[in-house]
Amino acid sequence: MATNNTNTLTHELLSRAHSPDSTNRIFTEKIQHRPLFLKPTSPPPSSNARDARRGARAEKRQRAKALKPKPLSARQRRKLRLYDVPKDSQKYAVFEPLNQLWLGYIREILGNELYSGGQGAAAKLSAADFHGAEVEVSRSGCPSRVGIRGIVIKDARFAFEIVTRKNQIKTVPKEGTMFCVNVPPAHDRSQEDTTAHNRRPFTFEIHGDQFQHRSADRATKKFKPHYLKDL
């Protein structure tokens, strides 16, 4: 009875604004046969909502971890010999283009300080990368190392790995060793600059004891001037 009374009341209200045909059509399409949408699942209880969110986050992290490969450890990299130079590539001529790239890189970093030097140049050089630089051992606690000269192919934390002009790979520890580096001035071929030919190469020395850092770490490290008793 309640349903019939409701339908009668609905028809009466619709008939006030619409014709009988429109009233029957609207009632049939939009009221009598209107679909009722239900949620597929109910939300978790309020007491377990936090646990559900934590579980979802943990599952997401596990999926991301499974997709991302685990980086190789230092022991695995040594075992795979990823940093070893093949014998066919242990030639000075192979790394000469790298030295030319490094010269352009260091000239760009120094700018005008390439000819004036000073503390500004020292700060820039202390944070620079020396892969490709041609260095020479000027002083060392081991006399047999003095005079070794070549291009740096590996700037490690405690040593420079150098390829010499005799196509030999030399590993020179930084501790107790000083390295000399010469940066010749750039020549501009577009215009005749007579002063460029008269300029001396920019020469500086690296104190290995104070340079025992990886090149990536030196880029963000701040070096402070202080007294060195060994000089």
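Tabulated data for the structure shown
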item	result
Reduced Cα scattering model of the range 76-115, Debye log10 I(q)/I(0), q = 0.19, 0.22 Å⁻¹	-0.70, -0.76
Cα-projected label distance for ASN167 with ARG50, points at 7 Å along beta-carbon direction, nm	7.0
Calculated FRET value between SER89 and GLN210, using beta carbons and R₀ = 41 Å, to 0.05	0.85
Compactness of the range 62-191 as Cα Rg over 2.2 N^0.38 Å, two decimals	1.30
Per-peptide average of other Cβ atoms within 10 Å, ordering 129-139, 66-76 highest first	129-139, 66-76
Packing-based order for 156-169, 18-31, using average beta carbon neighbours within 10 Å, highest first	156-169, 18-31
For peptides 200-211, 107-118, sequence by mean Cβ density within 10 Å, most packed first	200-211, 107-118
Gain on full stretching of the segment that runs from ARG81 to LEU9 - 0.36 nm per residue minus C-alpha separation	17.1 nm
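A short reminder: the numbers here are calculations on the coordinates, not readings from a lab. These numbers were taken from a predicted model, which means no experiment stands behind them. Don't worry about glycine lacking a Cβ; one is built from the backbone with ideal geometry, like all the others, and counts go over all protein chains shown.
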